[in-house]
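These notes concern the structure reproduced below.
The values are calculated or read from the model by the stated rules, or taken from the named source; none is laboratory data. What you see is a predicted model, and the numbers here were worked out from it, not measured in a lab. Positions of Cβ are generated from backbone atoms using ideal geometry, with glycine treated the same way; all protein chains shown enter the neighbour counts.
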Amino acid sequence: MGGAAGGRWCWWAAVTATSSVGVDGLMDLVEQSSMGIESPTTTAYYSGMIPGLIAGHYAEAACRVDLALLCHRYKWTLIVGTVTGMDVSAQTITYQDGQGLSAQLLYDWAALNIGSTIKLALLCPTAIPLAQHQALLATRPIADLNTKLSTFIEAWTAEHAGQHMTVAVVGAGAAGLELAFCIEHRLQHGLGVNCSTSLISAAPTALGLAAGSMLVCNARVRAIQEHGAQLELAFMDEQLPARRADLVILATGADAHEWPASSSLTCDSRGFIRVKDTLQALRVKTVCSDRVFASGDCASMDSYAGQKPPKAGVYAVRAAPVVIHNLKTLIDEELHGTSAHARLETFVPQSAFLSLLTLGDGTALGTKWGLAFVGRWVWHLKDHIDMTWMRSFGDAGSGLAPMVVAPPDAPAMAAQALVATDADFSIQHAILQRMAVDEAYRHAVLHAHDQVTMV
C-alpha cells in the first residue's frame, strides 16, 4: 500500500492535474497498488487564501478542498488521524484516530508532507499554553486560525462594546505582515471596531518596511504572560518596555513537528527530515529508507546543508511532481524488474518566486527579482492565481478559468505597467510570466524599471 502522510494542501495540488505527471500518471500508479491518505481532518485549507478570508474577501468554503470527495473520486482511502510516529524498518506509521485511539498503518511506500508547526518554545519558553487562552493564537495549524479569531472577536466585542482593541502580531515575515493588515481591515472596516495593530519584528526591518506606527523592530519576545484581561509581551532587550495587547497572534516561522525526530527517521539538528536530492529519506543506520519520501516544510535537503527548501508553500508544490515521478518509477521497477535509479528525478529548489501578499483593503504587495509592486491589480492577480489553483480540484474545490494575454514586447511599456497601482492585472501577469522564462526580456524590463522609478 502507498501512503501519503499529512493532508497538506500543496500535496493535493501535485496529485491532480497541476502536476507534471498529472492524474493519468498517478492513476497508473494507483492501478498497480492501493493508496491511503492520512490527514487530521477531512478538509485541507489553502493557506494562501486565509489572509483574504480573514479580511472578509472570501467565504470559508472557497478556501478549502474536500478531501473526502477528492479521495472518493480517485478511489483512495482517507484516514482521518494525527501521525505520532514511524518505524522505517517495520514500514509502519502510527497515528491517533478521530476517537483518540492509537492505530498503525502498514506501508510499502510513504510520502510525507506534514508541514511544520509554530516556533513557540523557542520564541517564548515561559509563554502560557496556547490552548489556555483564546486571545493567544498561532498561524499553525492554519485551518484553525479564522475560526479561533472569529470566536475571540465575537466574545471580545460582546464584552467590550465600543472600546479600543489592541492587536500584536509577533513575527514580521510574509505571514505576519499579511495578518496584521487583514485583521486590522476586518476589525475597522468589516466590524466597525476601533483598533490599533503592532507588528513585532526581531529584525531591524520587515520586508523592506521601516519602523513606524505599526512596525516595532529589534524586539525579540522573551515571554508572554497574562496581565489582567490582556496579554503582556516582555522582550529580550529589557530596555524595551513591555507591550500589552487584547489579542496576540504568533507568526514566528516554521519549527519541526516532534514525532519525526523521535521516530526512526534521520533528522537534522532542528528536527526536519533529512532527504537526498531525489527527496528520499536518508538511510537510517543499517535500514534503507528509499521507500520514504519527504517534501515541503518537513524536509531538509542534505546537499544544501539543510538550508533548502525554504519553508514556503511554493517549494512543496514544486517538489511534489518529483515525488510522484520517482514513486511511479520505483514501483514500476519493483513490479516489472526495470532499472529505475538512472531515471529518478532530482529536485532543485528555485532561487526566486513571485510573492503576493494581501493587504486587506483590496490591494496587495508583490515582490520578485528585487522588484516590488503594489496596488489593486496585484490583488486581482493574486485572487486570479489562487482561484485558478483551486479550480484544479474540480468539484472538490472552487476557482476560475485561466486567462491568456500577450505581454508587451517593449521593456519600457512592461516597466510602466508594473509600477501602475490600479490597472487590469492580466497584462502584469503576462509580463511576469515572460520574465520568468525569458532572461533577456527580464533584464531589459528590470533596467527599464530602474529608469522609470528614478524619474
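List of remarks:
- The single condition among (1) in a helix (DSSP H, G or I); (2) of a type outside the set (A, V, I, L, M); (3) in contact with a Gly (Cβ under 8 Å, 6 or more places away or on another chain); (4) at pLDDT 90 or above that Lys328 does not satisfy is (4).
- The strands (runs of 3 or more DSSP E) found wholly in the stretch 248-301 and carrying at least 1 residues that are closer than 24 Å to Leu344 by Cα and among the small types (Gly, Ala, Ser) occupy 292-294, 299-301.
- The set of residues from the stretch 273-325 being within 22 Å of Leu105 (Cα to Cα), modelled with pLDDT of 85 or more and of a type in the set (S, T, N, Q) comprises Gln280, Ser295.
- Entry remark, the stretch 82-108: residues being surrounded by 13 or more Cβ atoms within 10 Å (Cβ to Cβ), in contact (Cβ under 8 Å) with a residue 40 or more places away in the chain and over 18 Å from Ala44 (Cβ atoms) number 10 in total.
- The lone exception for Pro260 - which of (1) within 28 Å of Leu136 (Cα to Cα); (2) out of contact with any Cys (no Cβ under 8 Å at 6 or more places or on another chain); (3) not small (Gly, Ala, Ser) it fails: (2)
Rundown of residues vs (1) surrounded by fewer than 18 Cβ atoms within 10 Å (Cβ to Cβ); (2) within 30 Å of Leu69 (Cα to Cα), yes/no style:
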site	(1), (2)
Asp302	yes, no
Val317	no, yes
Val323	no, yes
Leu344	no, no
Asp386	no, yes
Met390	no, yes
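- For Gly362, the criteria (1) assigned to a loop (DSSP other than H, G, I, E, B); (2) under 22 Å from Ala254 (Cα atoms) hold in every case but one, which is (2).
Yes or no, residue by residue, for (1) modelled with pLDDT under 90; (2) closer than 23 Å to Phe152 by Cβ; (3) aliphatic (A, V, I, L, M):
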position: Pro204; (1), (2), (3): yes, no, no
position: His227; (1), (2), (3): yes, yes, no
position: Glu232; (1), (2), (3): no, yes, no
position: Arg244; (1), (2), (3): no, yes, no
position: Gly271; (1), (2), (3): no, no, no
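- Scanning the stretch 148-165 for residues that are in contact (Cβ under 8 Å) with a residue 40 or more places away in the chain and under 21 Å from Ile50 (Cα atoms) turns up Leu149, Phe152, Ile153.
- Residues in the stretch 37-81 that are without any contact (Cβ under 8 Å) to a residue 12 or more places away in the chain and not in a helix (DSSP H, G or I): Tyr58, Ala59.
- Of residues in the stretch 136-171 being polar (S, T, N, Q) and not in a strand (DSSP E or B), the one surrounded by the most Cβ atoms within 10 Å (Cβ to Cβ): Thr139
- Residue match in the stretch 251-264 (condition: closer than 30 Å to Glu159 by Cα, touching a residue at least 60 places away in the same chain (Cβ under 8 Å) and crowded, with 20+ Cβ neighbours inside 10 Å): yes
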